[in-house]
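*Asks:* The structure that follows is given in the form of structure tokens.
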Amino acid sequence: MRSLLSLLLIPLLAFLSAACGDARTPVILAATTSTYDSGLLEVLIAAFNREHGTIRIRTVVMGSGEALELGRRGDADVLLIHAPEAEEHFIEEGYADERVPVMYNDFVILGPVSDPAEVAETDTPGAAFEAIAQSRALFVSRGDSSGTHYRELALWKTARIDVFGPWYVESGQGQGTSLQIASERAAYTISDRATFTVLQDILELKPLFERHRSLLNLYSVIRPEEALHKGEAQVFVDWLTSESGQEVILRFRHHDTEEPLFRPLVRGSTNPVLPVPDLEEMY
């Protein structure tokens, strides 16, 4: 429902800016749900708008796959997403010149405290997913062509699982809603760490497998070739990967947590701005 509403609202954004007397150029940013559900997106946009008085960032929130489709159609000026393989395909098709890695965190395999599939006893994400499938324990998938969904499908492939049954439920929802469904149904699921951290106090879910190299969650920013406002969109891309943008990302916390929810990357590389010793081996 959120994605449908976003698609319907896109053509209205520029019109509403003009109708309300806002002279700033509206730039449409299609961003993945995890940046919204974690609260980062709101903070980033507010910081950018304070520094750039002639540009107004308008956001639509959806899965990475849907965001890429908007980019193909020219309905979004900038994409902030986390589906590296799909992004590379987008570039190869000629829809953009480059994807710029901007930040990362990691995915976490979650489940009920009782852990009926004994996921906590496994030693790889593939083995964790295989244990879930063999036990027929309930699993909630986003099923929405999001970056999280793409990674989940890759893990099922690694586990050599291609037959699913009633134990496998597709929510068709964003990350926050999918986590709540998994919690209510005592099911397993996979989530980006940031969204889980923000919502964990209201969830009956526990991290059962985490901090593995294959669970890296890389976010990139892309300016599609079909962008209506290419110049202004590039200003946002440049700001997001500048010291100002990196500082906003690095300082973003949930309450008083020591670990940032996202870690900014040095532009043009996958090296973190501020390496963290206990994560260096994983990344």
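The values are calculated or read from the model by the stated rules, or taken from the named source; none is laboratory data. In this text the structure is predicted, and so the values were computed from the model without any measurement. Backbone-built Cβ (ideal geometry, glycine too); neighbour counts: all protein chains shown.
*Asks:* Looking at (1) outside any helix (DSSP H, G or I); (2) under 30 Å from ALA96 (Cα atoms); (3) at pLDDT 95 or above, which is the only condition PRO264 fails?
*Replies:* Condition (3) is where PRO264 drops out.
*Asks:* How many of the residues making up segment 127-153 are farther than 13 Å from ALA187 by Cα, out of contact with any Lys or Arg (no Cβ under 7 Å at 6 or more places or on another chain) and in contact (Cβ under 8 Å) with a residue 24 or more places away in the chain?
*Replies:* Number satisfying all stated conditions: 11.
*Asks:* Okay, moving on. Criterion first (touching a helix residue (DSSP H, G or I) at 6+ places or on another chain (Cβ under 8 Å) and surrounded by fewer than 19 Cβ atoms within 10 Å (Cβ to Cβ)) does ARG72 satisfy it?
*Replies:* So ARG72 passes the test.
*Asks:* Find the helices (runs of 4 or more DSSP H) located wholly in segment 35-150 whose residues include 2 or more that are acidic (Asp, Glu) and within 19 Å of the chain's Cα centre (by Cα), and list them.
*Replies:* It comes to 64-73, 84-92.
*Asks:* Okay, moving on. Among all residue pairs at least 6 apart or on different chains, which show Cβ distances below 7 Å where the first residue, located in segment 217-241, is surrounded by 24 or more Cβ atoms within 10 Å (Cβ to Cβ) and the second is assigned to a loop (DSSP other than H, G, I, E, B) and among the basic types (Lys, Arg)?
*Replies:* Within 7 Å, no pair qualifies.
*Asks:* Also, quick follow-up: One residue is enough: does segment 3-24 have a residue meeting the conditions modelled with pLDDT of 95 or more, in contact with a Gly (Cβ under 8 Å, 6 or more places away or on another chain) and either hydroxyl-bearing (Ser, Thr, Tyr) or within 24 Å of GLN173 (Cβ to Cβ) (or both)?
*Replies:* Within segment 3-24 (the criterion being modelled with pLDDT of 95 or more, in contact with a Gly (Cβ under 8 Å, 6 or more places away or on another chain) and either hydroxyl-bearing (Ser, Thr, Tyr) or within 24 Å of GLN173 (Cβ to Cβ) (or both)), the answer is no, since none of the residues qualifies.
*Asks:* Please count how many residues of segment 200-216 are at pLDDT 95 or above and surrounded by 20 or more Cβ atoms within 10 Å (Cβ to Cβ).
*Replies:* 3
*Asks:* Sticking with this one: Could you tell me whether segment 150-159 includes any residue that is under 29 Å from ILE28 (Cα atoms), aliphatic (A, V, I, L, M) and either assigned by TED's automatic domain parsing to the domain that holds GLY53 or buried (at least 20 other Cβ atoms within 10 Å of the Cβ) (or both)?
*Replies:* No - not one qualifying residue is present in segment 150-159.
*Asks:* Given (1) outside any loop (DSSP other than H, G, I, E, B); (2) over 21 Å from GLU88 (Cα atoms); (3) in contact with a Gly (Cβ under 8 Å, 6 or more places away or on another chain), where does ILE222 come up short, assuming only one miss?
*Replies:* (2)
*Asks:* Going residue by residue through segment 126-135, is there one that turns out to be under 19 Å from LEU228 (Cβ atoms), in contact with a helix residue (DSSP H, G or I) (Cβ under 8 Å, 6 or more places away or on another chain) and at pLDDT 95 or above?
*Replies:* Checked segment 126-135: no residue is under 19 Å from LEU228 (Cβ atoms), in contact with a helix residue (DSSP H, G or I) (Cβ under 8 Å, 6 or more places away or on another chain) and at pLDDT 95 or above.
*Asks:* Please count how many residues of segment 137-175 are more than 19 Å from ASP123 (Cα to Cα) and either in contact with a Leu (Cβ under 6 Å, 6 or more places away or on another chain) or aliphatic (A, V, I, L, M) (or both).
*Replies:* 5
*Asks:* Can you pull out every residue in segment 120-144 that is farther than 18 Å from ARG211 by Cα and either surrounded by fewer than 20 Cβ atoms within 10 Å (Cβ to Cβ) or among the β-branched types (Val, Ile, Thr) (or both)?
*Replies:* ILE132, GLN134, SER135, ARG136, VAL140, GLY143, listed by residue number.
*Asks:* One residue is enough: does segment 183-194 have a residue meeting the conditions buried (at least 17 other Cβ atoms within 10 Å of the Cβ), at pLDDT 95 or above, part of a loop (DSSP other than H, G, I, E, B) and in contact with a helix residue (DSSP H, G or I) (Cβ under 6 Å, 6 or more places away or on another chain)?
*Replies:* No - not one qualifying residue is present in segment 183-194.
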